Amino acid sequence: MHKAHITVLGGRGSIPVSGPRFARYGGSTTCFALVVDGIAIAFIDAGTGLIDTATHGVRLASSVGLFLTHYHWDHTQGLSMFEELWTGACDVCVWGPDDPKSALERAISPPLFPVSIVDVPSIRFASADGPIEIGGLVITPFAIHHPQGACGYRIDGPHRSVGIVTDHEAGTDIDSGVLDAIEGVDVLIHDAQYLPEDLAAHQGWGHSTYVHAIEAAEAAGVAELLLTSHDPRRSDSAIDAMVASARKIFPDTDAARPGMEIPL
Ligand SMILES: [Zn+2]
């Protein structure tokens, strides 16, 4: 039986931040490494956390899958500086909704970036439209509600399952498609960019509050909740306060921070 876990490499939403106010929950944008038998075989999203593998002791396979939830910059920008791709040390197969090749070609090519990512020999592309098995893990995409479209992923490992819903604007009713996909997972990693009082000014921006995350966790019978996509202005102490508020409703709540490991 394989031993597997997820290592959080980035849990910040929208833009990376740095400085002492963000020391514990980190400033790198969304990236989660899927590690099997001590080697990262895949990633969910390629935010700026992707370049921090060595910082967190994550060793790379020579070929990895990259499962993108969508193509907003905070989920792709790490790929532009992922040295192992550009040097050919690591082959990357990019999975994502619709057409990942054309989306990344627009984001990482002149005039927005000096060179074009689609010219790199060690990258290839595939559409994420059904369950994919990789290294003994089953990774299943499902649609979530976010501007320009996005997907979440359910990861079923040898012992436990995890649902990842990074950027999701919850409606007044809980999304039944999302609930079906994450039903009974051990851990739900869910967007909690906003506090309830932030919501009125950010309708249509594509994010949830920690209360929405709790509602989804409760409705889907989830054991543990990990809040993510932290607002770029939310300091460590403000995230502590958000987690404390959340624990009054859903006690087994924490917030994603780089280096955290989640057994699979
Ligand atoms: Zn987004």
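The values are calculated or read from the model by the stated rules, or taken from the named source; none is laboratory data. The structure displayed is predicted, hence computed values, not measured ones. Backbone-built Cβ (ideal geometry, glycine too); neighbour counts: all protein chains shown.
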| Counting only residues that are away from the ligand (no atom under 15 Å from the Cβ) and acidic (Asp, Glu), which one in the stretch 66-87 is surrounded by the most Cβ atoms within 10 Å (Cβ to Cβ)? | Glu84
| query | Any residue at all in the stretch 139-147 that is at pLDDT below 95, surrounded by 13 or more Cβ atoms within 10 Å (Cβ to Cβ) and touching a Pro at 6+ places or on another chain (Cβ under 6 Å)? | reply | no
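Does Asp52 satisfy the criteria of being surrounded by 22 or more Cβ atoms within 10 Å (Cβ to Cβ) and among the acidic types (Asp, Glu)?
Details: surrounded by 22 or more Cβ atoms within 10 Å (Cβ to Cβ): no; among the acidic types (Asp, Glu): yes.
When the stated conditions are applied, Asp52 does not pass them.
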| query | Ala223 is checked against (1) under 27 Å from Thr53 (Cβ atoms); (2) more than 18 Å from the chain's Cα centre (by Cα) and fails just one. What number does that condition carry? | reply | (1)
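Of a type in the set (Val, Ile, Thr) and touching a Lys or Arg at 6+ places or on another chain (Cβ under 9 Å) - does that describe any residue in the stretch 98-115?
no
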| task | For the stretch 139-242, please list each of the strands (runs of 3 or more DSSP E) lying entirely inside it that holds at least 1 residues being in contact (Cβ under 8 Å) with a residue 24 or more places away in the chain and out of contact with any Asp or Glu (no Cβ under 8 Å at 6 or more places or on another chain). | result | 150-156, 161-165, 187-191
| Tally, over the stretch 146-189, of residues that are within 11 Å of the chain's Cα centre (by Cα) and under 20 Å from Tyr71 (Cβ atoms) | 8
| request: Of all residues in the stretch 243-258, count the ones that are surrounded by 20 or more Cβ atoms within 10 Å (Cβ to Cβ) and either in a helix (DSSP H, G or I) or among the acidic types (Asp, Glu) (or both). | output: 1
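Out of Ser63, Ser122, Ser116, which single residue is surrounded by fewer than 21 Cβ atoms within 10 Å (Cβ to Cβ), under 22 Å from Ala4 (Cα atoms), more than 16 Å from the ligand (Cβ to nearest atom) and among the small types (Gly, Ala, Ser)? Reasoning before the result, please.
Numbers: Ser122 fails: under 22 Å from Ala4 (Cα atoms); Ser116 fails: under 22 Å from Ala4 (Cα atoms).
Exactly one of Ser63, Ser122, Ser116 is surrounded by fewer than 21 Cβ atoms within 10 Å (Cβ to Cβ), under 22 Å from Ala4 (Cα atoms), more than 16 Å from the ligand (Cβ to nearest atom) and among the small types (Gly, Ala, Ser), namely Ser63.
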| field | Residue that is surrounded by the most Cβ atoms within 10 Å (Cβ to Cβ), among those in the stretch 1-46 that are under 19 Å from Val94 (Cβ atoms) and within 14 Å of the ligand (Cβ to nearest atom) | value | Thr30
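If we scan the stretch 225-240, do we find a residue that is among the hydrophobic types (A, V, I, L, M, F, W, C), out of contact with any helix residue (DSSP H, G or I) (no Cβ under 8 Å at 6 or more places or on another chain) and farther than 20 Å from Ile15 by Cα? Talk me through it step by step, then tell me what you get.
Here is the first cut: in the stretch 225-240, the residues among the hydrophobic types (A, V, I, L, M, F, W, C) are 225-227, 238-239.
So of that shortlist, the ones also out of contact with any helix residue (DSSP H, G or I) (no Cβ under 8 Å at 6 or more places or on another chain) come out as 226, 238-239.
Subset that is farther than 20 Å from Ile15 by Cα: none.
Taking every residue of the stretch 225-240 in turn, none turns out to be among the hydrophobic types (A, V, I, L, M, F, W, C), out of contact with any helix residue (DSSP H, G or I) (no Cβ under 8 Å at 6 or more places or on another chain) and farther than 20 Å from Ile15 by Cα.
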| message | Being of a type in the set (A, V, I, L, M), at pLDDT 95 or above and closer than 22 Å to Ser176 by Cα is true for just one of Leu225, Leu264. Which residue is that? | response | Leu225
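What are the residues in the stretch 105-138 that are of a type in the set (A, V, I, L, M) and in a loop (DSSP other than H, G, I, E, B), if any?
So in the stretch 105-138, the residues of a type in the set (A, V, I, L, M) come out as 107-108, 112, 115, 117-118, 120, 123, 126, 128, 132, 134, 137-138.
Hits for the stretch 105-138 are Ile108, Leu112, Val115, Val120, Ala128.
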| note | When the stretch 62-73 is checked residue by residue, the ones that are more than 16 Å from Ala103 (Cβ to Cβ) and in contact (Cβ under 8 Å) with a residue 40 or more places away in the chain are Gly65
| request: Show the residue pairs that are 6+ apart or on different chains and have beta-carbon atoms under 6 Å apart, the first residue being within the stretch 1-17 and in contact (Cβ under 8 Å) with a residue 12 or more places away in the chain, the second being in a loop (DSSP other than H, G, I, E, B) and among the β-branched types (Val, Ile, Thr). | output: Thr7/Val58; Gly10/Thr30
